[in-house]
């Protein structure tokens, strides 16, 4: 059928402006997504790689400083009758005397005992001060031990932290330590690989103490403060731990990796 003479045929004209606006919105959205992805990636790299590099370098430097100082300035002579592993010395208060930290440790307000290697008249190491060197040959680990379990001033520096209120190294009681499993040097990342009989040494200004791994508690709750008591025993899994006083070393860290849901505990006994 032909169109009538004089009848106009409608013409549809599409707006180019609307197309351009839609494309621009999509482009801006894509740029925002890519930018966010890059930022997240950089944060992950910083947390998982850069913090480890920084903390490990600082920790190894602290080990060198400590051992150089000890080699140059040996400990002051003490009385021949001074105990090295005397019963009850430096055993500290029960861990549940204070609150619980993110690492399951007692709070820094817990009672502290004199360190066995302190010179006469010298007090405990100040909070955050490194005072010992921990070595675990099986893991190739060498790391300084500092007083306290503060994340910012101890653990995040790549150090291992000494639970306040627990025994000093080499003394009867429980010399209990905490360390990161991931990031910030992650000194305790592979302590799950330790096995019964593995050797752990702790060097201080006055002596080097050797411990041998005896028990491993693969998983327990963060509230399980029994693991750092003078006679360590889990209050969540009572089949793990000890019944009699002794000279113990306890290593604690978070588990599973990249999570703080539970705690992994390794116990060792003093052998020399």
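The values are calculated or read from the model by the stated rules, or taken from the named source; none is laboratory data. Computed from a predicted model, the values in this text were never measured in an experiment. Here Cβ is always computed from backbone atoms with ideal geometry, including for glycine, and neighbour counts include all displayed protein chains.
Remarks
- Criterion (touching a helix residue (DSSP H, G or I) at 6+ places or on another chain (Cβ under 7 Å), farther than 22 Å from residue 131 by Cα and crowded, with 16+ Cβ neighbours inside 10 Å) met by exactly one of 251, 264: 264
- All conditions but one from (1) more than 15 Å from the chain's Cα centre (by Cα); (2) at pLDDT below 95 apply to residue 137; the one that does not is (2).
- Scanning region 27-60 for residues that are surrounded by fewer than 12 Cβ atoms within 10 Å (Cβ to Cβ) and modelled with pLDDT of 75 or more yields one hit, 53.
- Number of the exception - residue 117 against (1) more than 16 Å from the chain's Cα centre (by Cα); (2) modelled with pLDDT of 90 or more: (2)
- Filtered by the rule that a residue be surrounded by fewer than 24 Cβ atoms within 10 Å (Cβ to Cβ) and over 12 Å from the mean Cα position of the chain (by Cα), region 158-188 gives a lone residue, 172.
- Just one of the listed residues (216, 191, 200) is surrounded by fewer than 21 Cβ atoms within 10 Å (Cβ to Cβ) and in contact with a strand residue (DSSP E or B) (Cβ under 7 Å, 6 or more places away or on another chain), and it is 216.
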